[in-house]
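**Q** First the structure, which I've put down as structure tokens, then a few questions once you've had a look.
Coordinate-derived values only; no laboratory data. Here the structure is a predicted model, which means the values were calculated and not measured. Cβ sites come from the backbone with ideal geometry, for glycine too, and all protein chains shown count toward neighbours.
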Amino acid sequence: DMSETNSSADSRPELRCFVPYFQPVFNYDTGEMVGAEVLTRHLKTDGSIEGPASFIESFEKSGFIYEMDRHIWNLACMHLSRWRKDGYPIRSLSVNVSRRDLYHEDIAVYLRNLLDRYGLDRESLHLEITETAFSENNGQLVNVLEGLKSDGFKVEMDDFGSGYSSLCSLKDIPVEVLKMDSGFLSATDKSHRCGSIITSIIQMAHAIDMQVIAEGVETKRQADFLKSVGCLKMQGYYFSRPVPAEEFEHLIEKEKEQSK
Ligand code: C2E
Ligand code: CA
Ligand code: CA
């Protein structure tokens with residue numbers, strides 16, 4: 001159908017309007033920055049900045065997501081290789097990988113070539129895949145992940161706790177890191193059930209040698225609680241909002257001074 005082809009070509013978003021923002025992840029015990037998550041922002045022609053809530057879903061439907069994600073992974077690697085050359089002690093960046101991306105058979109080859117092109121080792125780019133992607137219990141998905149893992153990529157399970165997969169399903173899934181939303185750790189939880197759930201997730205994850213990164217940490221109280229139950233890696237507004245590359249450089253500038 002020609003008309004449909006034309007209209008979708010006309011509405012095809014411009015890649016250069018999508019830029020990476022960076023949100024640091026800290027070790028709350030040492031104060032050290034241990035990495036950062038790459039989060040996409042849409043710079044609109046009217047000057048406003050749009051978050052992914054307004055475009056990810058439609059891009060996943062249209063299939064454009066793979067193109068956008070590869071564009072962002074590229075920019076992330078470009079920034080990281082430049083920061084490394086400039087002597088910033090940044091260990092890794094975590095990028096988001098849509099479930100849709102994993103259906104592209106060339107994804108592993110694409111990522112390998114990308115890192116080679118920028119002279120980065122495989123440990124440099126962590127792949128965040130949302131928990132719900134695994135709930136399909138899809139053999140093909142597990143194969144792709146096994147491939148990425150044997151290539152040396154570190155896979156992080158995003159939004160752990162938000163979906164329906166049980167801790168038991170972790171035994172079949174090749175991930176090493178759980179990203180756990182701790183935003184629901186609110187002061188209004190009088191029953192302390194949230195705290196107990198989080199404590200159990202952390203204990204179980206550690207028992208099966210998985211690391212945990214707590215996301216959505218907004219207050220000192222939450223950070224202190226997480227530390228008290230053994231979760232040291234944290235990300236959230238309490239530490240920093242996602243910021244553009246130039247602003248992120250100021251943050252890592254401080255790290256560079258401290259690491260001297
Ligand atoms: P996510 O991967 O779970 O990312 C964390 C979200 O929490 C981000 O929202 C971040 O800005 C927000 N956040 C960080 N700290 C706090 C906090 O302390 N409190 C609260 N309330 N929120 C916090 P954002 O940037 O709007 O992204 C939303 C989702 O869009 C992401 O959730 C991720 O699933 C998706 N996404 C973002 N960038 C990309 C991308 O490049 N590719 C793909 N496929 N998905 C992306
Ligand atoms: Ca994520
Ligand atoms: Ca998340």
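**Q** Helix 245-258 versus the longest principal axis of the chain: what is the Cα-based angle in degrees, 0 to 90, to the nearest 10?
**A** 40 degrees
**Q** Quick one: net charge around GLU249, please, counting Lys, Arg +1 and Asp, Glu -1 for every other residue with C-beta under 11 Å from its C-beta. Intermediate results must be reported in sequence, preceding the final value.
**A** On the way: positive: ARG82, LYS254, LYS256; negative: ASP86, GLU246, GLU247, GLU253, GLU255.
Once all neighbours under 11 Å are counted, the net charge is -2.
**Q** Starting from 0.36 nm per residue, how many nanometres of slack lie between GLU50 and VAL142 once their C-alpha separation is accounted for?
**A** Working: separation 92, 0.36 × 92 = 33.12 nm, distance 3.26 nm.
The GLU50-VAL142 span can extend by a further 29.9 nm.
**Q** How fast does region 7-124 diffuse by Stokes-Einstein, in µm²/s, taking the Kirkwood radius from C-alpha pairs at 4 °C and 1.567 mPa s?
**A** Values: Rh = 15.6 Å.
The calculation lands on 83 µm²/s.
**Q** Then there's this: Whole-Hz ³J(HN,Hα) for each residue in region 82-92, computed from phi via Karplus 6.51 cos²θ - 1.76 cosθ + 1.60 with θ = phi - 60°, x for glycine and proline: what do you get?
**A** 5, 4, 4, 4, 7, x, 6, x, 8, 6, 7
**Q** Using a Förster distance of 22 angstrom, determine the FRET efficiency expected from the C-beta separation of SER62 and GLU14, and round it to 0.05. Don't jump to the answer; show the numbers that get you there.
**A** Numbers: r = 14 Å, r/R0 = 0.66.
That pair, SER62 with GLU14, gives E of 0.95.
**Q** Out of residues 5 or more away from LEU178 or on other chains, whose amide H comes under 5 Å of its own, with H placed 1.01 Å from N in the peptide plane?
**A** Amide H neighbours of LEU178, under 5 Å, 5+ apart: MET157, GLN211, VAL212, ILE213.
**Q** HN-Hα J couplings of region 28-33 from phi, Karplus 6.51/-1.76/1.60, θ = phi - 60°, integer Hz, Gly and Pro as x?
**A** Using θ = phi - 60°, the values come out as 6, 7, 9, x, 7, 7 Hz.
**Q** Sticking with this one: First measure r as the distance between the Cβ atoms of SER169 and HIS104, then evaluate 1/(1 + (r/R0)^6) with R0 = 30 Å and state the FRET efficiency to the nearest 0.05.
**A** Numbers: r = 24 Å, r/R0 = 0.80.
That pair, SER169 with HIS104, gives E of 0.80.
**Q** Further question on the same structure: If the viscosity is 0.890 mPa s and the temperature 25 °C, what translational diffusion coefficient in µm²/s does Stokes-Einstein give for region 84-170 when Rh comes from Kirkwood over Cα pairs? Don't skip to the answer; put the middle values down first.
**A** Working: Rh = 13.9 Å.
Approximately 176 µm²/s, per Stokes-Einstein.
**Q** Pick out, in residue order, every one of the GluC sites (Glu not before Pro) in region 112-144 that is DSSP loop and has at most 12 other C-beta atoms within 10 Å; say none if there are none.
**A** Working: sites: GLU123, GLU128, GLU131, GLU136; in loops: GLU136.
Listed in order of number, the matching sites are GLU136.
**Q** Let me ask something else. About the Cα centre, and with charges only on the beta carbon of Lys, Arg (+1) and Asp, Glu (-1), how big is the dipole of region 2-143? Nearest 20 debye, please.
**A** Values: 15 positive and 22 negative charges, 94 e Å.
Computed about the Cα centre, the dipole is about 460 debye.
**Q** Taking Rh as the Kirkwood radius, which is the inverse of the mean 1/r over Cα pairs, what is the Rg/Rh value for the chain?
**A** On the way: Rg = 18.8 Å, Rh = 19.5 Å.
With Rh from the inverse mean 1/r over Cα pairs, Rg/Rh is 0.97.
**Q** Here's something else I'd like to know. Could you point to the residue in ASN113, SER228, ILE197 farthest towards the positive end of the chain's charge dipole, with +1 and -1 charges on the Cβ of Lys/Arg and Asp/Glu respectively?
**A** Selected residue: SER228.
**Q** Mind giving me the nanometre distance, one decimal, between the label points for ASP29 and ARG84, set 7 Å out from Cα along Cα→Cβ?
**A** My value for the distance between the label points is 2.7 nm.
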